[in-house]
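Undergrad: A single structure is presented below for examination.
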Protein chains: 2
Amino acid sequence: MKDERILLEHGSGGLLMNALIHDAFMPVFKNDYLEAMLDSAVIAIGKKKVCFTTDSYVVDPIFFPGGDIGSLSIHGTVNDIAMCGGKPLFISVGLILEEGFPKHDLERIITSMGKAAKTAGVQVVTGDTKVVPKGSADKIFINTSGLGIVEYKAAISPKSIRKDDCIIVSGTIGDHGAAILSTRQDLGFRSNILSDSAALNGLVEDVLAASKNIRFMRDATRGGLGAVLVEAAMASSLAFEIEEQQIPVRDDVRGLCEILGLDPIFIANEGKMVVVCAGRDADKVLSVIKAHPLGSGASIIGKVKETGRSRVILRTIVGGSRELDLPEGELIPRIC
Amino acid sequence: MKDERILLEHGSGGLLMNALIHDAFMPVFKNDYLEAMLDSAVIAIGKKKVCFTTDSYVVDPIFFPGGDIGSLSIHGTVNDIAMCGGKPLFISVGLILEEGFPKHDLERIITSMGKAAKTAGVQVVTGDTKVVPKGSADKIFINTSGLGIVEYKAAISPKSIRKDDCIIVSGTIGDHGAAILSTRQDLGFRSNILSDSAALNGLVEDVLAASKNIRFMRDATRGGLGAVLVEAAMASSLAFEIEEQQIPVRDDVRGLCEILGLDPIFIANEGKMVVVCAGRDADKVLSVIKAHPLGSGASIIGKVKETGRSRVILRTIVGGSRELDLPEGELIPRIC
């Protein structure tokens, strides 16, 4: 252990990150909130259920097609709160700036954060700024933490998932990761792929209003749709069956992934979510999602099949099937 | 503006940082919480008053005499909540790790965070880990955000300060900054100065129980005691008169500052606070602070004298007087 070092894969949303959380953090900080393994802690304050969440953003490049580190940092934290069924209200902002960072870029990022916060209906209420000497950080890192209030009655958690529930994805997958990749690779052609970075709290409100039987929601960020499904199957001890053909992927995203040898199912999104709901409510929930501007590409991609063990089986387009596992490596460093 | 760049001074707790907050952040995020200029936002959740705060820690070195970046990150956020009169309860942790960071050091830091959290009586309930490629960050940065509940009736705020209030400091100043400096400078002698990094919430509980007339509290971190006094005078539009002779400074800290040409009044602390209370309660509050292990060196250092303008006058040991201003430069980069 003494000579072991942190690898990029420890921040990937994959196997090594899971191991780090379980081996290094859990034993020290052990409590029920952490063990729930949700995107936010759901805590009681007086008679209110409050979601509390944090995320640091280190995305590279800081300005990318469809967004920037500022808007991303608001969207990500708003979404983490929304995924626990919370109405996001208050955001904190912690900036780490590299000495020499252009003030103009900082103002552009702050303006972008302000717009994203306004659109999502949240207030930035507290903050902190640190500056480190040139070379001690790369341009700008942003931490946002957030608070929201949960009014939904049922517990939104992988543990609430039941046999015969349906699994919905809210639109095309892999757009954010592909947009970031397109800025890094010399592809020999111009890509028009935009990040899907967006605040999903409005869409979530519609979903929660449509059904009392929403079991689980998760935005498919690091590790992509694949990681969300595998983690939910593990946490619920259930088997999911997914139809690859039903997973929406843009042609250009699929093309880019093919060139680079990547599977879109593991590519990060920043404005797409997985919803698991009771099978009988699936059509209603799907139609509500599709009616929202951020959910027009939604699709029912699979269902929950109870078996003795937790796993995710992908029925492939060519008629075969394979079991999904968490990605081992880091597909795209500094994706968010 | 286009060619302006971020300087170390923008993160110093001094004049440039104040300018950045007022020029770049306030106009975009404008709201009453931010404008209160407290260490935490005080928000309403149901019938509860809740403090919400955030801080990023970039201290260098990450292990220093008297603490490390882990314990510091818990103490700092616990203290920010306590300074608003809140009882700290829940903490989030956002880690940014440099690829190649020794796992053993990470475990040591996490263990230190766990101990500090236990001592302070707070729970780490949610977290996030990012890893950036080698050279994109320096070892480890930690963001902690926190929540606490305020039960104290009166508003703890510089705006609550009144003429004839007394100003108390809870112990010797400059210890943290001097401890960090002693690790960086080749002083030609061994220093025994330890950081004062500590959670002040227990001490604050005693203070709030002792008097209904606590006006203002602030831990004297970046910018030191001097910055706290100047900012409080500005925010309250009052004149403070401080007796330099009453300010407790350890001999070795004073010696180190003299060698380096620094004024201890502007050197960072991580376990000392300023308390402003009604003059008639000052002796009672002082004795409660002195009775606490973290306040044994406390002293009444001055009082509030109403005048037309806000300023801090220091009556010096040699019998003169000078007006304090926020430090212009960055005295010690990466102090916290």
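The values are calculated or read from the model by the stated rules, or taken from the named source; none is laboratory data. For clarity, every value in this text was computed on a predicted model and none was experimentally measured. Cβ placement follows ideal geometry from the backbone for every residue including glycine, while neighbour counts extend to all protein chains displayed. These accessible areas exclude ligands, DNA and RNA; they are computed on the full protein's heavy atoms, side chains included. Shrake-Rupley method; radii C 1.70, N 1.55, O 1.52, S 1.80 Å.
Undergrad: Rounded to the nearest 0.05, what FRET efficiency is calculated for A:E205 and A:T111 with R0 set to 25 Å and r the Cβ-Cβ distance? Working shown, then result.
TA: On the way: r = 26 Å, r/R0 = 1.05.
Efficiency, from the Cβ-Cβ distance: 0.45.
Undergrad: Given the C-alpha atoms of region A:114-241, compute the convex hull and give its volume per residue in Å³.
TA: Numbers: hull volume 23.5 nm³, N = 128.
It is 183 Å³ per residue.
Undergrad: By the scheme Lys and Arg +1, Asp and Glu -1, what is the net charge of all other residues having a beta-carbon under 9 Å from that of A:D219? Write down the numbers at each step before the final one.
TA: On the way: positive: A:R218, A:K272; negative: A:D39, A:D80, A:E270.
Every neighbour counted, the sum reads -1.
Undergrad: Leaving ligands, DNA and RNA out of it, report the carbon-plus-sulfur percent of the accessible area of the protein assembly as shown at a 1.4 Å probe.
TA: Working: 12440 of 25250 Å².
With neighbouring chains kept in place, the figure for the protein assembly as shown is 49 percent.
Undergrad: Of all DSSP beta bridges in region B:31-150, what percent run antiparallel (nearest 5)? Mind showing how you got there, number by number?
TA: Values: 27 of 36 bridges.
Taking every DSSP beta bridge within region B:31-150, about 75 percent pair in antiparallel fashion.
Undergrad: Still on this structure, I have one more. For region B:126-168, count all C-alpha to C-alpha pairs, find those more than 14 Å apart, and express that count as a whole percent of the total. Working shown, then result.
TA: Details: 647 of 903 pairs.
Across region B:126-168, Cα pairs with separations above 14 Å total 72 percent.
Undergrad: Could you give the alpha-carbon Rg of region A:102-149 over 2.2 N^0.38 Å, rounded to two decimals? Please list the in-between numbers first.
TA: Working: Rg = 12.8 Å, N = 48, 2.2 N^0.38 = 9.6 Å.
Output field value: 1.34.
Undergrad: Okay, moving on. Once you list every other residue whose beta carbon is under 11 Å from the beta carbon of B:D39, what net charge do they have if Lys and Arg are +1 and Asp and Glu are -1? Mind dumping the intermediate values first?
TA: Numbers: positive: B:R218; negative: A:D128, B:D55, B:D80, B:D219, B:E231.
Taking every Cβ under 11 Å from that of B:D39, the sum is -4.
Undergrad: If a/c stays under 1.5 just call it rounded; otherwise compare a/b with b/c (prolate if a/b is bigger, oblate if not). Do that for region A:1-142, with a ≥ b ≥ c from the square roots of the Cα gyration tensor eigenvalues. Let's see the in-between values first.
TA: Details: a/c = 2.02, a/b = 1.12, b/c = 1.81.
Note, shape of region A:1-142 comes out oblate.
Undergrad: Taking square-rooted eigenvalues a ≥ b ≥ c of the alpha carbon gyration tensor, is chain A rounded, prolate or oblate, where a/c under 1.5 means rounded and, failing that, a/b exceeding b/c means prolate? If you can, show how the numbers build up before the last one.
TA: On the way: a/c = 1.39, a/b = 1.21, b/c = 1.15.
Because its axes are fairly even, with a/c under 1.5, chain A counts as rounded.
Undergrad: A further question on this structure: Please compute the per residue accessible area over region B:31-150 with all protein chains in place, 1.4 Å probe, rounded to a whole number of Å². It would help to have the intermediate numbers written out before the result.
TA: On the way: 3290 Å² over 120 residues.
Ligands and nucleic acids excluded, the result is 27 Å² per residue.
Undergrad: Given region A:158-324, what whole percent of its Cα pairs are spread farther than 29 Å? Display every interim value, and only then the final one.
TA: Numbers: 2257 of 13861 pairs.
Here the tail beyond 29 Å accounts for 16 percent of pairs.
Undergrad: Stokes-Einstein diffusion coefficient for region A:65-150 at 37 °C in a medium of 0.692 mPa s, Rh from the Kirkwood formula over Cα pairs: what value in µm²/s? Spell out each step's value before the answer.
TA: Working: Rh = 13.3 Å.
D, rounded to a whole number, is 247 µm²/s.
Undergrad: In whole Å, what is the distance between the alpha-carbon centres of region A:307-336 and region B:78-134?
TA: 32 Å
Undergrad: What distance in nm separates the simple spin-label points at A:T119 and A:K48, each placed 7 Å from Cα in the Cβ direction?
TA: 2.6 nm
Undergrad: Could you name the aspartates and glutamates in cross-link range of B:K103, using Cα to Cα under 19 Å and dropping any fewer than eight places away on the same chain?
TA: Correct list for B:K103: A:D3, A:E4, A:E9, A:D23, A:E328, A:E330, B:D60, B:D68, B:D128, B:D138.
Undergrad: In percent, what relative contact order does chain A have, based on Cα pairs under 8 Å that are 6 or more apart in sequence? Write down the numbers at each step before the final one.
TA: Numbers: 753 pairs, mean separation 78.6, N = 336.
Relative contact order for chain A comes out at 23 percent.
Undergrad: Which value, in nm² and rounded to one decimal, describes the direction-averaged projected area of the C-alpha convex hull of region A:265-336? Working shown, then result.
TA: On the way: hull surface 27.7 nm².
That works out to 6.9 nm².
Undergrad: Just the Cα atoms of the protein assembly as shown: what Rg and Dmax do they give in Å?
TA: Answer for the protein assembly as shown, Rg first and Dmax second: 25.8, 91 Å.
Undergrad: For region A:245-336, which GluC sites (Glu not before Pro) are both in a DSSP coil and crowded by at most 13 other Cβ atoms within 10 Å? Write out the running numbers ahead of the final one.
TA: On the way: sites: A:E258, A:E270, A:E306, A:E323, A:E328, A:E330; in loops: A:E270, A:E306, A:E328, A:E330.
Qualifying residues, ordered by number: A:E306, A:E328.
Undergrad: List the aspartates and glutamates whose Cα sits under 17 Å from the Cα of A:K153, skipping any in the same chain fewer than 8 residues away.
TA: A:E205, A:D206, A:D281
Undergrad: Here's something else I'd like to know. By average Cβ neighbour count within 10 Å, what is the ranking of A:204-215, A:224-235, A:286-297 from highest down?
TA: Numbers: A:204-215: 19.7, A:224-235: 23.7, A:286-297: 17.5.
Going by the mean number of other Cβ atoms within 10 Å, highest first, we get A:224-235, A:204-215, A:286-297.
Undergrad: Further question: Please give the contour-minus-distance gain from B:I317 to B:K163: 0.36 nm per residue of separation, less the Cα-Cα distance, rounded to one decimal in nm.
TA: Working: separation 154, 0.36 × 154 = 55.44 nm, distance 2.40 nm.
Roughly 53.0 nm would be gained on extension.
Undergrad: Note down the net charge around B:E99, summing +1 for each Lys or Arg and -1 for each Asp or Glu among other residues with Cβ under 9 Å from its Cβ. Don't skip to the answer; put the middle values down first.
TA: Working: positive: A:R5, B:K134; negative: B:E98.
Neighbourhood net charge equals +1.
Undergrad: If you don't mind, another one. Listed here are the pairs A:K87/A:K115; A:K49/B:K48; A:K30/B:K118; A:K118/B:K87; which of them are more than 21 Å apart at the Cα? All intermediate terms of the calculation are to be shown ahead of the outcome.
TA: Working: A:K87/A:K115 18 Å; A:K49/B:K48 12 Å; A:K30/B:K118 11 Å; A:K118/B:K87 30 Å.
From A:K87/A:K115; A:K49/B:K48; A:K30/B:K118; A:K118/B:K87, over 21 Å: A:K118/B:K87.
Undergrad: Here's a follow-up. Given labels modelled 7 Å from the Cα in the Cβ direction, how far is it in nm from B:I259 to B:D3?
TA: Label-label distance for B:I259 and B:D3, simple model: 4.1 nm.
Undergrad: Once the cut-off is 12 Å, how many percent of the Cα-Cα pairs in region A:44-88 end up in the long-distance tail?
TA: Numbers: 627 of 990 pairs.
Across region A:44-88, Cα pairs with separations above 12 Å total 63 percent.
Undergrad: For peptide A:11-21, compute the average count of partner chain beta-carbon atoms within 10 Å of each residue's beta-carbon.
TA: Working: counts 9, 3, 1, 0, 0, 1, 3, 0, 0, 7, 2.
Counting Cβ atoms of other protein chains within 10 Å of each residue's Cβ and averaging gives 2.
Undergrad: Another one. Using a 1.4 Å probe on protein heavy atoms only, how many Å² of accessible area do A and B hide from each other, summed over both chains and rounded to 100? Before the final figure, lay out each step's value.
TA: Working: alone 16060 and 16040 Å², together 25250 Å².
Between A and B, the summed buried area is about 6900 Å².
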